[in-house]
Amino acid sequence: MKLQIRRVLESDSLANIAECLYLTDRYIYPSAFGEDKELAKRAICELLKVKKGLLSLERIIVAVHCDEICGVLLYNDGNATWNYSEC
């Protein structure tokens, strides 16, 4: 079966996307969300739901193999910003 590259679908698992994101960088995501991968995945899942956020689903492309998400591409089109008032 071929590797499929596509936008996120409503039927895609947020947990799978969050885990792929967490595993993309062994420094940034553990520093930002903690070493407990399960807690970090839950936090990332919530951030994926934020429209126009840095981790929003609209900014993610997924790689799918055998109907399972096996990779992610997170991009910034220049319109995403952090909410510094909450920092």
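The values are calculated or read from the model by the stated rules, or taken from the named source; none is laboratory data. This is a predicted model, so every value here is computed, not measured. Neighbour counts are summed over all protein chains in view; Cβ atoms, including those assigned to glycine, are modelled from backbone coordinates with ideal geometry. Protein only, heavy atoms only, side chains kept; ligands, DNA and RNA dropped before computing areas. Shrake-Rupley method; radii C 1.70, N 1.55, O 1.52, S 1.80 Å.
Summary table
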| quantity | calculated |
| --- | --- |
| Filter pass, GLU38 being modelled with pLDDT of 90 or more, open to solvent by 90 Å² or more (accessible area, probe 1.4 Å) and within 13 Å of the chain's Cα centre (by Cα) | no |
| Where a residue in region 48-73 is surrounded by fewer than 13 Cβ atoms within 10 Å (Cβ to Cβ) and its partner, wherever it lies, is in a loop (DSSP other than H, G, I, E, B) and at pLDDT below 90, with Cβ under 7 Å and at least six apart | LYS52/ASN79; LYS52/ALA80; HIS65/MET1; CYS66/MET1 |
| Test set (1) under 13 Å from ALA18 (Cβ atoms); (2) at pLDDT 95 or above - ALA63 fails condition number | (1) |
| Residues of region 27-44 satisfying the condition of being of a type outside the set (Ser, Thr, Tyr) and closer than 18 Å to CYS70 by Cβ | LYS37, LYS41, ILE44 |
| Residue check for LYS2: under 14 Å from the mean Cα position of the chain (by Cα) and over 19 Å from TYR75 (Cα atoms) | no |
| TYR22 being farther than 29 Å from MET1 by Cβ and among the aromatic types (Phe, Trp, Tyr) | no |
| Some residue of region 3-13 being in contact with a His (Cβ under 8 Å, 6 or more places away or on another chain) and open to solvent by 70 Å² or more (accessible area, probe 1.4 Å) | yes |
